[in-house]
1. Identify, please: which residue in region 535-590 is among the charged types (D, E, K, R) and more than 25 Å from T613 (Cα to Cα) and is, among those, surrounded by the most Cβ atoms within 10 Å (Cβ to Cβ)?
2. Return the pair list, or none, for Cβ contacts closer than 8 Å from residues in region 25-54 that are free of Cβ contacts under 8 Å to residues at least 40 places away in the same chain to residues that are small (G, A, S), at least 6 apart or on different chains.
3. Looking at region 281-336 only, could you name the residues that are assigned to a loop (DSSP other than H, G, I, E, B), among the hydroxyl-bearing types (S, T, Y) and closer than 29 Å to A189 by Cα?
4. So V672 fits all but one of (1) within 32 Å of the chain's Cα centre (by Cα); (2) within 16 Å of F602 (Cα to Cα); what number is the exception?
5. Name every residue in region 308-322 that is over 17 Å from L338 (Cβ atoms), among the aliphatic types (A, V, I, L, M) and buried (at least 20 other Cβ atoms within 10 Å of the Cβ), in order of residue number.
6. Based on what the data block shows, is G390 at pLDDT below 95 and within 26 Å of C142 (Cβ to Cβ)?
7. Please go through region 53-99 and give me each residue that is within 37 Å of the chain's Cα centre (by Cα) and not in a loop (DSSP other than H, G, I, E, B), ordered by number.
8. Can you tell me which residue is nearest to S123 (Cα to Cα) among those in region 1-12 that are surrounded by 13 or more Cβ atoms within 10 Å (Cβ to Cβ) and touching a residue at least 60 places away in the same chain (Cβ under 8 Å)?
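The values are calculated or read from the model by the stated rules, or taken from the named source; none is laboratory data. Fair warning: this is a prediction, and the values are worked out from it, not measured in the lab. All Cβ positions, even for glycine, are placed from backbone atoms using ideal geometry, and neighbour counts span all protein chains on display.
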Amino acid sequence: MTPLKLSRGKCLPLGATQLNNSINFALLCRHGTEVHLALFTLDSKEPIAEIVLHPRKSRTGDHWHIAVEGLPESFCYGWRVNGPQSPIHRFDPEHLLLDPQCKTISGGSEWGVNDESMAHHTSRLSIFTNNEIPQMDDTHLCTPMEDSIIYEVHVRGFTCHPTSMTVNPGTFDALIEKIPYLKNLGITAVELLPVHEFDENDCPFFDPATGKKHRNLWGYNTISFNAPKTSYASVGNINQHIVEFRKMVHAFHMAGIEVIMDVVFNHTGEGNHRGRTYSFRGLDNSTYYMVDKDGNYFNFSGCGNTLNCNHPVVREMITNSLRFWVADMNVDGLRFDLASILGRDYLGNVLVEPPIVEMIAEDGVLADTKLIAEPWDAAGLYQVGLFPYGRRWSEWNGQFRDDIRRFWRGEPGIASLLATRICGSSDLYESSGRKPRHSLNFITCHDGFTLWDLVSYNVKHNFRNGEGNNDGCSENFSWNCGEEGPTNDPYILGLRKRQVRNFYVTLFISQGVPMMLAGDEFLRTQKGNNNAWCQDNEISWTDWSFLEKNSDFHRFTQEIIKLRLAHPALRRRTFMKPGDVIWHGITPLNPDFSTDSTFLAFALNGLKTGRETDADFFVAMNSGNEAAECKIPASPTGRPWKRIIDTAKASPLDIVSFHEAPKIAFESIYPVEAKSCLVLLSDK
């Protein structure tokens, strides 16, 4: 190898970058007193050189830097840092650290293979390569939020099952193969569970039934915020994970589908004091994490540590990472896991105007990026409707989920709450100047029951997670329709099918932004497991045989999405005004919002949508145990009704096109069956 030539280099940008004929290395380390750069070939275990950075010549402020000429095109490297020994610092010069800015990490190219040889320190290294991110001609789609249909999906879990029939299961490439299916379904955006680099082998739990060690399937344990998950590439070539991720985004854009990333900036995969050190802890523990004076980690994330998001250094790291994914990798949106942690100071106190939230909201590069907050954390901070700088942020509306579940399982007195949720949750968003689009509505998500399990189980069944069934939420507002779990009872199966139709009608006719969980459209099951983060097996994998088995509900889902996208009355940009919606009961103009009500009916005026004019809608929902003899009101504009949905009817009569739909006369009596929903539509 060519002898290495060293020069002072530059303090910015951070990370390893090309600088003329040299590679410039820059590392931010405030409290470190001694910094070494160890260099390796791609296949060597011993360093080809270890460079000691001069504490004055190679340092500008808190930035340590050096330029090295003569390195191969691709190589590995790591940082060795020493510093003060005190409870809040965790410097250990015996071990190498990853570069927080690196986009590729050694090892991890094959899913499930454990590349770590030490329990408390990583043996993986940062990789530099001159291969650039592919330049493609796609641009951000900028689909209006109110016109979006979001599909939450796990890259590996969606295509890993043998029934997926993909060439490279569990990869970005395999997701590309499913784009025609997703396009045909009608979705406008995929929301990907974490694709940042993580260690799937970090799960400490075992399956009590088999004794097999679990894996971390979901990936909410980031070890590098700028590196796509290496094993999600179809081949293990250096840079291939970046190439294939970018190609995947391009392919989705060519199909008119946006890509939203689930990002985890509330904690890292380093865990608490017993966890493995990758980089942040060894570089500057008290900067990157919330710690008390004794060095104990605050655990607002429930995962062992909490990222110190409002420290200026961490703020800059987060915003730079987000710019990379949006500007270079071309993603369209960002969903922030446990986003309320972004609103805490270094001691965990809740800030009224958290700097990092404002920085993200006001960043110029991110100006057209969809921002979605999960507005709570694991320590009890709940900010649905109250997330700071909320006009820029949409929120996962947990109240929508809970109120809709409670209504359809038959709880009395929920009709008023149901009405508010269907109208876009104005109680949560209108007073602060926000719009219906700020409410991201969902019935199910990765965290909890699937849609089919929601109507099949009263309680969670998480024993196989290895935590004694103590993990996962115990209150799911679910109802098993009469028998726990699988059944052959035709009545119960029919009722369950009716209930899932009810849920999807409610989701897709509500104002706001609907999000559905992958596989719910053909009723996949997790066998009652509502916290399947560690189930890298058929419990979590999408079984595509259910597509044929439950083709009737798949068709129903396609049609209800098509209905929503065809009607601006269901996709309002503003909250309703008097006359836009007319409330009814079993008889016209007599809504029942009493404490024992299980019935709600309303009509939407298609000439008062706040946007393009539309047809009128009439919706009647009966979660009671008896049929309701509903007197059909006249439409708000006098246009005649046709029945397009009756969830009590079997497929294909449960949902029909307007052309095929039967006419329903004004003031006629229509029996809205128990646990069913009726939707009428007028001419445009």
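1. Filtering first and then ranking leaves D536.
2. A26/G9; A26/G15; L39/A49; P47/A38; E50/A38
3. Answer for region 281-336, where residues must be assigned to a loop (DSSP other than H, G, I, E, B), among the hydroxyl-bearing types (S, T, Y) and closer than 29 Å to A189 by Cα: just S301.
4. Looking at each condition in turn, V672 falls short on (1).
5. Answer for region 308-322, where residues must be over 17 Å from L338 (Cβ atoms), among the aliphatic types (A, V, I, L, M) and buried (at least 20 other Cβ atoms within 10 Å of the Cβ): just M317.
6. Taking the combined requirement at face value, the residue satisfies it.
7. Scanning region 53-99 gives H63, W64, H65, S74, F75, C76, Y77, G78, W79, R80, V81, L97.
8. L4
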